[in-house]
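Down below is the structure, laid out as structure tokens.
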Amino acid sequence: MSRLLSLPYFEKWLVLGVVIGIVAGLGAMALYFGIKLFEYLFLDSLAGARIPHPVGEGGSVVFVYVVKHPYALPLVVGLGGLISGLIVYTIAPEAEGHGTDAAIDAYHNKQGKIRRRIPFVKLVASAITIGSGGSAGREGPTAQLAAGIGSAIADMFHLSPQDRRIAVAVGIGAGIGTIFKAPIGGAVLAAEVLYRRDLEPEVIFPAIVASSVGYSIFASIVGFEPIFGYYTEAFSVLRLPFYAILGLAAGGLAIVYVRSFYGVNSAFKKLRIPPHVKPMIGGVAVGLIALVFPEVMATGYGWVQLIISGNLKALVGGGLPVIVVLALLPFIKIIATSMSVGSGGSGGVFAPGMVIGASLGGFLGLVFHILFPSVVPSVAPFAIVGMLSFFGAAGKVPLSVILMVVEMTGSLQLLPAAMLATAISYTASGLKYSIYRSQVNTHRDSPAHMGEYNTPLLSSIRVSEIGLRNLGVRPEETVENTIKTMNDLKLFSLPVVDGDRFIGVVYLDQIVNKGGPVYNYTEKGASYVKLTSTADQAWDVMMKNRTMWCPVVENGKYMGSITLEDILREYRKRSLTLSQTLPLGSGTKEPT
């Protein structure tokens, strides 16, 4: 173990990348076959519904939708939501929603720490949600699973917080690249998905290793054929103006997706009912929608396959004309995904984004085909470019989605169109709207990199100017109650306080499956700050103590603690105030 820690960067991450890749491959297989199992138990057995699948997963370009008990769909999807909600909110509430965002949050704000039970709860709950017909994707659960195991591996080898963060980011990319059979795109995604306007170069090499290993394991069982088969149509430069229009539309629709998703999510949070049953409500709503638009159920990749293959007559859409179905489907899929995942259900938002983008591209492609049949002979290229340009804007990951869709279709023919449309959609969607709210703009905005930049404003903020929190457990407190307190506060450590005397720190990973009082597991001699200390000194103590909070002790008396969240809030407030007081045109840069 000590030998691994002493290895140079490339050698160390070659080893760790292989380990994380193995986990990603096995996790992707478990989720893939778990979804198959629950799809059979819920949709097939209870509702008699048969949904399409892409050719790379055993599907066909010829399909006829069949459902024997259509009015059972709201009950079936609702039941899946209820079971998923009970599992998540009973065992690990952090596993709600889409897992990629939680992993990004762990990278920036939690030193890469993810509770060990979360990945496994996420896997089971997501398999049930998607298998029962919930509108969600596989990438979020796989990303959180691989990221969570990456975090656990970092703890196992006693890696530094920086290395733990790298392991989490590598897990995100490896998980997504594996489940989509797109290892190159997954490796780039690991570096890109953390930021809206930046990259994390230090994760690219280990992500390449992990993604290739994960992909090899997963595809050796599922098959190496691209998910949507092989696209063979030749590229035409005459279509570039149409792709530009598609990119502009995709950027606007991405804003609608983000605002709708978090609008529904906010509405569900305000409901004064147990969170366990909220995914059931979302599931029932999706089931009702599926009575008319079955295209919204599950990942929807089979329907994307039919659009790409030109089998538009296979679309159901309540019997409406195909062009009307394609026009409505992006918005209906947005609503369904917001209800499934925004209600607290477990699943990803990448796959629904692909369906939304493909439907948008299919609609515009069909319009262009009607108007200019000799230039646009089919909708397939527009559906493909629509997929990547839409999610490149919604997820702020333009580079990786270009590579991923190329891998998912087995063709480079559309690369120029993809680059143009995605650049336009990414720009049109702006900086504000991202489906991954935990993303930050650049390195400078990430708490993970705060210590790498000169931050004079932090040194001007006194600890006494930041509100103190009454964090702490007594030395005689039981391990069980301490873990519960940590879960409630979403912290991985707590100060141990005897009266007004600060004793030390207790860490979650050191008391799991243990018993007795927490005093037995307390690390004494932890650093602290005084009321007169500065915020940057408190930051240094957090890094030294491996915590997201800093104890404040004055004259031997424990006064309370300040958290990283408190520091960042005060920093942003001061920064905003300072920028507003600067004279216009002074040329002074915003403080960093």
Residues in the stretch 527-537 that are at pLDDT below 90 and either among the aliphatic types (A, V, I, L, M) or crowded, with 21+ Cβ neighbours inside 10 Å (or both) total 1
Qualifying residue in the stretch 235-243 (condition: closer than 24 Å to Glu407 by Cα, of a type outside the set (Lys, Arg) and surrounded by 16 or more Cβ atoms within 10 Å (Cβ to Cβ)) | yes
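Does any residue of the stretch 369-382 turn out to be assigned by TED's automatic domain parsing to the domain that holds Gly177, of a type in the set (Phe, Trp, Tyr) and within 15 Å of Phe228 (Cβ to Cβ)? Spell out the reasoning first.
Quick first cut of the stretch 369-382, residues assigned by TED's automatic domain parsing to the domain that holds Gly177 only: 369-382.
Next, from what is left, pick out any that are of a type in the set (Phe, Trp, Tyr): 372, 382.
Keeping just the survivors that are within 15 Å of Phe228 (Cβ to Cβ) gives 382.
Yes: the stretch 369-382 contains one or more residues that are assigned by TED's automatic domain parsing to the domain that holds Gly177, of a type in the set (Phe, Trp, Tyr) and within 15 Å of Phe228 (Cβ to Cβ).
To keep it simple, each residue is scored yes or no on (1) surrounded by fewer than 16 Cβ atoms within 10 Å (Cβ to Cβ); (2) at pLDDT below 95.
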{"site": "Val15", "(1), (2)": "yes, yes"}
{"site": "Ile35", "(1), (2)": "no, no"}
{"site": "Val55", "(1), (2)": "no, yes"}
{"site": "Ser60", "(1), (2)": "yes, yes"}
{"site": "Leu86", "(1), (2)": "no, no"}
{"site": "Pro93", "(1), (2)": "no, yes"}
{"site": "Lys113", "(1), (2)": "no, yes"}
Restricting the stretch 10-36 to residues that are aromatic (Phe, Trp, Tyr) and in contact (Cβ under 8 Å) with a residue 12 or more places away in the chain, the residue that is farthest from Ala298 (Cα to Cα) = Phe10
Between residues in the stretch 483-499 that are farther than 17 Å from Arg116 by Cα and residues that are part of a helix (DSSP H, G or I) and among the aromatic types (Phe, Trp, Tyr), which pairs lie under 7 Å by C-beta distance while being six or more apart or on different chains?
-> Val496/Tyr519
Which numbered condition Lys557 misses (of (1) modelled with pLDDT of 90 or more; (2) touching a strand residue (DSSP E or B) at 6+ places or on another chain (Cβ under 7 Å)) = (2)
Is it the case that the stretch 226-245 has a residue that's part of a loop (DSSP other than H, G, I, E, B), closer than 26 Å to Gly345 by Cα and not small (Gly, Ala, Ser)?
-> yes
So which pairs qualify, if the first residue must be in the stretch 54-83 and closer than 26 Å to Phe268 by Cβ and touching a residue at least 12 places away in the same chain (Cβ under 8 Å), the second must be surrounded by fewer than 18 Cβ atoms within 10 Å (Cβ to Cβ) and among the small types (Gly, Ala, Ser), the Cβ gap must be under 8 Å, and the two must be at least 6 apart or on different chains?
-> Ala72/Gly48
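The values are calculated or read from the model by the stated rules, or taken from the named source; none is laboratory data. Every value quoted in this text rests on a predicted model; they were computed, and no experiment measured them. We place every Cβ from the backbone using ideal geometry, glycine too, and count neighbours over all the protein chains shown.
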